[in-house]
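See below for the structure under consideration.
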Amino acid sequence: MPSFPLTLFLTFAAATITAWFIFVGLAELTGSHIGVIPNSNSKLPKERLFDLTRSTVTAAGLLAGVFAIVYAYRKQRIEEAASVRADSETLGGRYQTAAEQLGHERAAVRLAGVYALSRLADDDSSQRETICRLLCAYLRIPYDPSKPQPGEREVRLTVVKVISEHLQDPSHVETWCGFDLDFSGAKFDGGSFAGAHFTSGVVNFSACEFASGTFSFDGAKFSGADVNFGSGEDVPAIFTGAQVLFTGAHFQGGIISFIFSEFRAGEIAFGAAFFGGSRVSFGSCVLGDADLSFGGPIWLGSKFAGGSVTFSGAELQAGILSFMGADFCGSEIRFDVTLTGSLVLFDEADFISGSILMDEAEIKGGSFSFEGSHSPEKLINPWPIPKATKTPKTKKVVRKKTSSRRANVKKKATESGKVPASGDAGE
């Protein structure tokens with residue numbers, strides 16, 4: 001790089017030459033021919049000298065100003081590019097460090113890695129989706145809820161919390177709404193997506209096991225995403241004892257699939273949920289010794305106002321399927337199930353509009369209850385529901401178990417003091 005005195009000299013020389021060319025050019029424009037290199041024939045009237053000099057200074061000043069602006073802009077761009085490169089190197093280093101922490105053998109270090117990745121995602125939009133995928137991948141790592149490593153459950157719950165926090169507001173600049181979330185094969189013993197917005201993309205819970213604890217989707221909004229709890233016989237979600245809550249959830253778009261899911265134990269509750277436009281499928285699912293509820297006390301009854309809900313091919317072997325206190329006012333519900341031992345409750349439900357199709361249902365056992373329901377014959381087809389074609393050998397055992405559960409459900413509703421007096425009923 002030239003020394004400062006040399007740079008100053010060259011700049012002065014360039015400015016002087018430029019000013020001279022401007023002076024000569026202006027002289028030519030005004031009819032005075034002096035040439036680039038003056039000679040004896042070059043003449044310039046004295047009365048024009050002052051005007052040309054003033055015009056030259058003005059033009060040179062404007063040119064210098066333009067040059068200064070261009071130079072400053074170019075310098076700023078170079079500095080910004082250097083800053084971006086430096087930031088990129090810094091952010092890349094932060095990602096590598098946080099990722100290494102996430103794989104550390106100590107739970108406390110892994111926990112620090114989770115929070116570091118969360119902060120990095122907020123700071124660097126280019127790595128946001130990559131970080132989201134990394135955290136989802138962590139949850140897919142083999143995990144035994146019955147024998148967790150020290151601190152591991154806390155790390156996993158924190159991962160779920162971080163993902164959930166970034167799904168709360170689709171309009172927020174740091175949102176993760178719309179990203180694909182792949183939890184396939186993960187095992188959960190707690191967590192919460194309460195209030196999350198699933199607006200687009202694919203949310204995959206196929207082959208997941210909800211083993212224990214409480215997993216909440218309370219108040220979640222499903223408005224465009226494909227949420228998959230099972231899409232084939234080989235990859236069903238399995239519910240083996242957890243309490244999975246969708247209380248107050250809104251299903252207003254997208255597809256929510258529980259196809260081939262197995263409800264072996266625990267509770268899956270859609271209390272006060274609103275079904276207004278989504279396609280929700282429980283097709284070919286198996287209801288074992290679990291409670292699948294779309295109702296409860298009257299203020300927890302779900303509202304089926306649009307979209308479709310299908311149970312086609314579902315096997316209701318035991319447990320309780322409850323629509324207690326639900327409002328059916330617009331949805332199309334396919335109920336082509338095979339009922340062998342479950343208790344299906346429509347107590348206190350209001351049948352206003354829509355349809356509930358049972359024309360291909362196989363009623364081999366179990367029972368339906370419509371105590372206090374209002375006009376079920378308006379929507380249920382066929383009505384009355386056909387009697388069981390076969391009495392299972394375990395009928396007495398099933399009846400005793402489901403009667404006890406039904407009593408518990410009714411007790412909760414009665415204690416609330418908000419259950420209306422019994423109206424029309426059908427069996």
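Pairs linking a residue in the range 134-150 that is in contact (Cβ under 8 Å) with a residue 12 or more places away in the chain to a residue that is among the acidic types (Asp, Glu) and surrounded by fewer than 19 Cβ atoms within 10 Å (Cβ to Cβ), with Cβ atoms under 8 Å and 6 or more positions apart or on different chains, are Tyr143/Glu152.
Of the numbered criteria (1) over 23 Å from Ser302 (Cα atoms); (2) touching a Lys or Arg at 6+ places or on another chain (Cβ under 9 Å); (3) at pLDDT 50 or above; (4) not hydroxyl-bearing (Ser, Thr, Tyr), the one Pro392 fails is (3).
Of all the criteria given as (1) of a type in the set (Asp, Glu); (2) farther than 18 Å from Ser284 by Cα; (3) surrounded by fewer than 17 Cβ atoms within 10 Å (Cβ to Cβ); (4) free of Cβ contacts under 8 Å to residues at least 40 places away in the same chain, the one not satisfied by Asp327 is (3).
Results for (1) more than 19 Å from Gly283 (Cβ to Cβ); (2) crowded, with 24+ Cβ neighbours inside 10 Å, shown as yes or no for each residue.
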site	(1), (2)
Gly319	no, yes
Glu332	no, no
Thr340	no, no
Leu357	no, no
Ser375	yes, no
Ile385	yes, no
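For the structure I just gave you, tell me whether Val173 is closer than 21 Å to Leu117 by Cβ and in a loop (DSSP other than H, G, I, E, B). Yes: the conditions hold for Val173.
Criterion first (in contact with an Asp or Glu (Cβ under 9 Å, 6 or more places away or on another chain), part of a loop (DSSP other than H, G, I, E, B) and either modelled with pLDDT under 95 or not assigned by TED's automatic domain parsing to the domain that holds Gly230 (or both)) does Gly325 satisfy it? The answer is yes for Gly325. Looking at Phe260, is it closer than 24 Å to Phe304 by Cβ and outside any strand (DSSP E or B)? In short, yes. Say we look at the range 172-187 and pick out the residues that are under 18 Å from Ala237 (Cβ atoms) and not small (Gly, Ala, Ser); which of these is surrounded by the fewest Cβ atoms within 10 Å (Cβ to Cβ)? Looking at the filtered set, the residue picked out is Asp180. Return yes or no: is Ala107 more than 25 Å from Asn204 (Cα to Cα) and either at pLDDT below 95 or in the same structural domain as Thr18 (by TED's automatic domain parsing) (or both)? The answer is no for Ala107.
The selection criterion, being more than 31 Å from the chain's Cα centre (by Cα) and at negative phi, holds for Ala349. Inspect the range 197-206 for any residue being closer than 18 Å to Val280 by Cα, part of a loop (DSSP other than H, G, I, E, B) and more than 15 Å from the chain's Cα centre (by Cα) and give the result as yes or no. Yes, the conditions are met somewhere in the range 197-206. Is it the case that some residue within the range 283-297 is in a strand (DSSP E or B), in the same structural domain as Gly241 (by TED's automatic domain parsing), in contact with a Gly (Cβ under 7 Å, 6 or more places away or on another chain) and at positive phi? So far as the range 283-297 goes, no, none of its residues is in a strand (DSSP E or B), in the same structural domain as Gly241 (by TED's automatic domain parsing), in contact with a Gly (Cβ under 7 Å, 6 or more places away or on another chain) and at positive phi. Taking (1) closer than 19 Å to Met324 by Cα; (2) of a type in the set (S, T, N, Q); (3) modelled with pLDDT under 95 in turn, Ser293 satisfies each apart from (3). Scanning the range 164-191 for residues that are under 25 Å from Ala108 (Cβ atoms) and in contact with a Phe, Trp or Tyr (Cβ under 7 Å, 6 or more places away or on another chain) turns up Ser164, His166, Phe183, Lys187, Phe188, Gly190, Gly191. Number of residues in the range 274-306 that are buried (at least 23 other Cβ atoms within 10 Å of the Cβ) and more than 21 Å from Leu343 (Cα to Cα) equals 3.
Quick one: in the range 140-171, which of the residues that are modelled with pLDDT of 95 or more and of a type in the set (Lys, Arg) is surrounded by the most Cβ atoms within 10 Å (Cβ to Cβ)? For the range 140-171, the residue satisfying everything is Arg156.
The values are calculated or read from the model by the stated rules, or taken from the named source; none is laboratory data. Keep in mind the model is a prediction, meaning the values are calculated, not measured. For neighbour counting, all protein chains shown are included, and Cβ atoms are generated from backbone atoms with ideal geometry for every residue, glycine included.
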